[in-house]
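Quick note: the coordinates plus some simple rules give every number you see, no bench work behind them. In this text, all values refer to a predicted model and were calculated from it rather than measured experimentally. Reconstructed Cβ throughout: ideal geometry from the backbone, glycine too, with neighbour counts over all protein chains shown.
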Amino acid sequence: MSSAAGANKKPRKMISEGKFAFYLLLPIIILSCALILYPFLYSIYLSFVELNLMRPQLGPEFVGLQFFGEVLRNPEFWTSLRTTSYFSLASVLGTFFIGLTAALLLNNKFAGRGVARSFLLIPWAIPTIIIGMIWKIMLNPNTGVMNAALSQLGVIDQYIGWLADPKWAFIMLTLAQIWKSFPFVTLLYLAALQSISKDLYEAARVDGSGRWSGFRHVTWPLLMPTTLVLLVLQTIGAFQAFDLIYGLTKGGPANATQVIGLHIYTQSFQFTKFGYGAASSYIITFFILLLVILYMKLLREKDLY
């Protein structure tokens, strides 16, 4: 009987490796949808409705594209967008220059290279809001180390209110952003440099190329894929800058450092215009997408990518 029962027992059906992997990933997929997809869809919904928090019983009112038109007609939006564009251009160029220079230096063998690479990570590891507060203390007009150091070196004869002057506030904010961002650029460039075959440099030397010629014709073309990725990431990061600026200048003085992130924050959470803030965010997202497409188009036209 037992042998007959065993013969009639159906074999256990085995699931494929693909289905098994999907079942294992299903919890994280659900969690990702809850944390990413739902807020994304809800923000789109907010850009088309008006919420009256003073009279919540009225419920949301559908207003169509009203908030998009309001954003495009608001001169404060365009002023903050212009400030953001200047800030992004200056910080991205400075970040690339310092990051690539540091990567070229750290790619060489010298005593203490490992220690230098470790210290490189410090600015990148510090929370951005803390960096803003550190720079604010450094730039204090009375007790800041910046004025003290420059005065001791004889560069200035009187203390400067760095964050009280619109021009200096913008410059210092840009320098703080560069200091925060360049380690990431350095690390990616350093990884790309170490993947370049030494044989290419040897062949360039045989052809009579010097250091500059070797960099121009060998190193730089091979760094272009990394450059494109970094260009996109750094541009997005600069347009999204908020916590550094909030911790350092809060948009002042006289709105000289009022970037688009602060403008959206003010409209959304201080004036409770959530629909306006959501619409502003998607207009900026569209603008960034245009920049990314432009980057790729220019690089491909020049056969650099």
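Tabulated data
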quantity	calculated
Entry for Cα extents along the principal axes in Å (calculated from the structure that is shown) out of (1) 90, 37, 35; (2) 88, 41, 34; (3) 103, 74, 42	(3)
Cα-based Rg and Dmax for the stretch 192-239, where Dmax is the largest Cα-Cα distance (Å)	13.7, 45
For a label point 7 Å along the Cα-to-beta-carbon line of residue 82, residues of the stretch 260-276 with backbone N under 19 Å	260-264
Between the stretch 244-267 and the stretch 153-181, the alpha-carbon center distance in angstrom	16
Potential extension, residue 110-residue 285 segment - 0.36 nm per residue separation minus Cα distance	58.6 nm
Relative packing of peptides 184-194, 162-172 - highest average C-beta neighbours within 10 Å first	184-194, 162-172
Pairwise FRET efficiency - residue 15 versus residue 36, Cβ, R0 = 25 Å, nearest 0.05	0.35
√(5λ) per eigenvalue of the Cα gyration tensor, the stretch 25-64, largest first, Å	29, 11, 6
For the chain: lysine pairs under 25 Å (alpha-carbon distance), excluding those fewer than 8 apart on one chain	10
Two-site FRET efficiency, residue 160 against residue 134, from Cβ-Cβ distance with R₀ of 25 Å, rounded to 0.05	0.85
Cubic angstrom per residue, convex hull over Cα atoms of the stretch 41-184	203
Estimated vicinal HN-Hα couplings, Hz - the stretch 165-178 in sequence order (Karplus 6.51, -1.76, 1.60; Gly, Pro = x)	9, x, 5, 5, 4, 5, 5, 5, 5, 5, 5, 5, 5, 5
Mean-position separation - Cα centroids, the stretch 89-152 and the stretch 50-77, in angstrom	42
Cα gyration tensor shape of the stretch 22-112, rounded if a/c is under 1.5, else prolate or oblate by comparing a/b with b/c	oblate
